[in-house]
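Input: a single structure, listed below in structure tokens.
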Amino acid sequence: MMMKIRITLNGKSISLEVPAHRLLLDLLRDEIGLTGTKEGCGTGDCGACTVFLNGKPVNSCLILSGELDGAEIVTIEGLKIGPELHPIQKAFIQDGGVQCGYCTSGMLMMSKALLDENLNPTEEEIRFALSGNLCRCTGYAKIVQAVQDAAAELRRMRAEG
Ligand code: FES
Ligand code: FES
């Protein structure tokens, strides 16, 4: 069944006609052309497809387009602040938290969700927040370091107003 939906995607309102059963992940990548969101498992287990839906991180491989009318969605393409990479993106690059990059957009979105709630997380809190995001390359230590460094930079930016 085709459905008309209107969504706000990375700050822009768009209307689409889509099959109600089409996955949000496929909608983003194949219909809209935003390929930064990755498909790993396709079953909700790896976190590579994480996006924000109405302000909360979700696995886009588990969301149907028919659920999306009126929704606000932010993908990795919407993470930048103006023309600048987000401090979380900069920290991942600086600290070597990106290797093959397949997990990276999901890691970044989930890290942002954590830092939106807690700008001073412990290592344990970071590891817990990212426990649904799998990485086969980095061994996680550099990712944890990057989140800690991004948190420090965001605290500094907040203190400077
Ligand atoms: S592709 Fe969605 S959780 Fe793995
Ligand atoms: S950097 Fe390769 S899977 Fe994480």
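Okay, residues lined up against (1) hydrophobic (A, V, I, L, M, F, W, C); (2) in contact with a strand residue (DSSP E or B) (Cβ under 8 Å, 6 or more places away or on another chain); (3) more than 16 Å from ligand 2 (Cβ to nearest atom):
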{"position": "ARG6", "(1), (2), (3)": "no, yes, yes"}
{"position": "VAL18", "(1), (2), (3)": "yes, yes, yes"}
{"position": "LEU27", "(1), (2), (3)": "yes, yes, yes"}
{"position": "VAL51", "(1), (2), (3)": "yes, yes, yes"}
{"position": "THR75", "(1), (2), (3)": "no, yes, yes"}
{"position": "PRO83", "(1), (2), (3)": "no, no, yes"}
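For PRO83, the criteria (1) surrounded by 17 or more Cβ atoms within 10 Å (Cβ to Cβ); (2) more than 16 Å from the chain's Cα centre (by Cα); (3) more than 16 Å from ligand 1 (Cβ to nearest atom) hold in every case but one, which is (1).
Based on what the data block shows, is GLU67 out of contact with any Asp or Glu (no Cβ under 6 Å at 6 or more places or on another chain) and farther than 30 Å from GLU153 by Cα?
Details: out of contact with any Asp or Glu (no Cβ under 6 Å at 6 or more places or on another chain): yes; farther than 30 Å from GLU153 by Cα: yes.
For GLU67, the condition - out of contact with any Asp or Glu (no Cβ under 6 Å at 6 or more places or on another chain) and farther than 30 Å from GLU153 by Cα - is met.
Evaluate the range 105-113: report whether one residue or more is free of Cβ contacts under 8 Å to residues at least 40 places away in the same chain, of a type in the set (Ser, Thr, Tyr) and under 30 Å from HIS21 (Cα atoms). Yes, there is a match, as at least one residue in the range 105-113 is free of Cβ contacts under 8 Å to residues at least 40 places away in the same chain, of a type in the set (Ser, Thr, Tyr) and under 30 Å from HIS21 (Cα atoms).
For the range 112-129, residues that are under 18 Å from GLY36 (Cβ atoms) and within 16 Å of ligand 1 (Cβ to nearest atom) total 1. Here the condition is being more than 16 Å from ligand 2 (Cβ to nearest atom) and buried (at least 23 other Cβ atoms within 10 Å of the Cβ); of ALA150, ALA91, ALA71, it holds for ALA150 alone. Screening GLY82, GLY101, GLY139 for residues that are without any contact (Cβ under 8 Å) to a residue 12 or more places away in the chain and under 18 Å from GLU39 (Cα atoms) leaves exactly one candidate, GLY101. Among the residues of the range 25-44, is any more than 13 Å from the chain's Cα centre (by Cα), open to solvent by less than 20 Å² (accessible area, probe 1.4 Å) and modelled with pLDDT of 95 or more? Checking the range 25-44: at least one residue is more than 13 Å from the chain's Cα centre (by Cα), open to solvent by less than 20 Å² (accessible area, probe 1.4 Å) and modelled with pLDDT of 95 or more. Within the range 114-145, which residues are closer than 24 Å to LEU53 by Cβ and surrounded by 18 or more Cβ atoms within 10 Å (Cβ to Cβ)? Hits for the range 114-145 are LEU114, LEU115, PRO121, ILE126, ALA129, LEU130, ASN133, CYS135, ILE143. For the range 48-60, a residue qualifies if it is free of Cβ contacts under 8 Å to residues at least 40 places away in the same chain and open to solvent by less than 10 Å² (accessible area, probe 1.4 Å), and exactly one does: SER60. Look at THR75 and say whether it is touching a Gly at 6+ places or on another chain (Cβ under 8 Å), away from ligand 1 (no atom under 16 Å from the Cβ) and β-branched (Val, Ile, Thr). It is false that THR75 is touching a Gly at 6+ places or on another chain (Cβ under 8 Å), away from ligand 1 (no atom under 16 Å from the Cβ) and β-branched (Val, Ile, Thr).
The values are calculated or read from the model by the stated rules, or taken from the named source; none is laboratory data. Worth saying up front: this structure is predicted, and the values here are computed from it rather than measured. Note: ideal-geometry Cβ built from the backbone for every residue, glycine included; neighbour counts use all protein chains shown. Remember, those area values only see protein heavy atoms, side chains included, never the ligands or the DNA or RNA. Shrake-Rupley method; radii C 1.70, N 1.55, O 1.52, S 1.80 Å.
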